[in-house]
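Quick notes on the structure that follows.
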Amino acid sequence: MSRVADKVVLVTGAGSGIGRAAAKLLAAEGATVIVSDINQSGGLETVHRIGGRARFLLHDTAQETDWKRIIDDILAREGRLDGLVNNAGIAGPFPSTFESETVEQWQRILSINVQGVFLGCKHGVPAMRGSGGGSIVNLSSLAAFLGTPDLSAYGASKGAVRQFTKTVAIDCARKGYKVRCNSVHPGVILTPMGEGILPSDRARERMRKHIPIGEFGAPEDIAYGILYLISDESRFVTGTELVIDGGMNAI
Ligand SMILES: NC(=O)c1ccc[n+]([C@@H]2O[C@H](COP(=O)([O-])OP(=O)(O)OC[C@H]3O[C@@H](n4cnc5c(N)ncnc54)[C@H](O)[C@@H]3O)[C@@H](O)[C@H]2O)c1
């Protein structure tokens, strides 16, 4: 159980769902995990469930001042940063079509889902370079590949994350930074976010029929992909898209 032994990894939005599962798995595989979230009780619960090798930092990923504080704190206490999982995200009110979406909703979703990822890369890369290199995993979505009529700003935000990930990957590779950057694209995963989008049994059953494998994914299914991309097993992988969706994107 040492696929990421001795690595220091920051997981944003780790107080719930996919981030919590990733933080637990990374710690179980030997990493020291910094659990960050805007939700203090959720983040502390994740640290409690890990039971060692983890600590919590309150963090709003949309705020640049927060990123500076978090990265400085990690470098001061752990002395290095080897991995960053830009997982924090919101889906906003559901449904939100392009006709019903307000400018305030649109900006809020993009400020967390896109600006938060941009700031993570901007401040995470120098810290990783100073640690001899590292790996960034950005949580995009199946929504980056498809039209999402009921989640218009969310789909746009995840398309931006998919594209921006490649920009960071190529820029870092060309500059010899030894920092890799990849995106992960979950299908429908039953987390608080996933359940919010599918509130009734009827809606879930309708959605389930569209998943070739025939069932929803669990947060751990995504966490295993994140673990691979953070580990050195993926040392030759950068700028790629790891789709974990029960086959939906292949139809
Ligand atoms: N659940 C799915 O079906 C699904 C599918 C595709 C992509 N994703 C993506 O996976 C990621 C995790 O989603 P999840 O399903 O675990 O959602 P979730 O709602 O269970 O967890 C998201 C976490 O992010 C935190 N967060 C929100 N805004 C924040 C901010 N500004 N700063 C710091 N933390 C913040 C929340 O407090 C929460 O703990 C998101 O980026 C989401 O878009 C999820």
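Candidates in region 166-222 are the residues that are more than 25 Å from residue 234 (Cβ to Cβ) and in contact with a strand residue (DSSP E or B) (Cβ under 9 Å, 6 or more places away or on another chain); of these, the one that is farthest from the ligand (Cβ to nearest atom) is 211.
Filtering region 104-120 to residues that are hydrophobic (A, V, I, L, M, F, W, C) and over 13 Å from residue 162 (Cα atoms) leaves 106, 109, 110, 112, 119.
Residue-by-condition table, conditions (1) buried (at least 22 other Cβ atoms within 10 Å of the Cβ); (2) away from the ligand (no atom under 13 Å from the Cβ); (3) at pLDDT below 95:
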| residue | (1), (2), (3) |
| --- | --- |
| 4 | yes, yes, no |
| 9 | yes, yes, no |
| 13 | yes, no, no |
| 17 | yes, no, no |
| 24 | yes, no, no |
| 31 | yes, yes, no |
| 34 | yes, no, no |
| 41 | no, no, no |
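How many of the residues in region 98-135 are of a type in the set (Val, Ile, Thr), over 19 Å from the mean Cα position of the chain (by Cα) and part of a helix (DSSP H, G or I)? Here the count works out to 1.
Of 230, 189, 213, which residue is of a type in the set (Val, Ile, Thr), out of contact with any Ser or Thr (no Cβ under 9 Å at 6 or more places or on another chain) and in contact (Cβ under 8 Å) with a residue 40 or more places away in the chain? Selected residue: 189, the only one of 230, 189, 213 that is of a type in the set (Val, Ile, Thr), out of contact with any Ser or Thr (no Cβ under 9 Å at 6 or more places or on another chain) and in contact (Cβ under 8 Å) with a residue 40 or more places away in the chain. When region 120-150 is limited to residues that are buried (at least 19 other Cβ atoms within 10 Å of the Cβ), of a type in the set (A, V, I, L, M) and within 16 Å of the ligand (Cβ to nearest atom), the one that is farthest from residue 234 (Cα to Cα) turns out to be 143. Search region 89-113 for residues being within 19 Å of residue 194 (Cα to Cα) and open to solvent by less than 40 Å² (accessible area, probe 1.4 Å), and hand back the single one that is nearest to the ligand (Cβ to nearest atom). By that ranking, first place goes to 89.
The values are calculated or read from the model by the stated rules, or taken from the named source; none is laboratory data. Everything quoted here is computed from the prediction, not taken from an experiment. Virtual Cβ from ideal backbone geometry, glycine too; neighbours counted across all protein chains shown. With ligands, DNA and RNA removed, areas are computed over all heavy atoms of the protein, side chains included. Shrake-Rupley method; radii C 1.70, N 1.55, O 1.52, S 1.80 Å.
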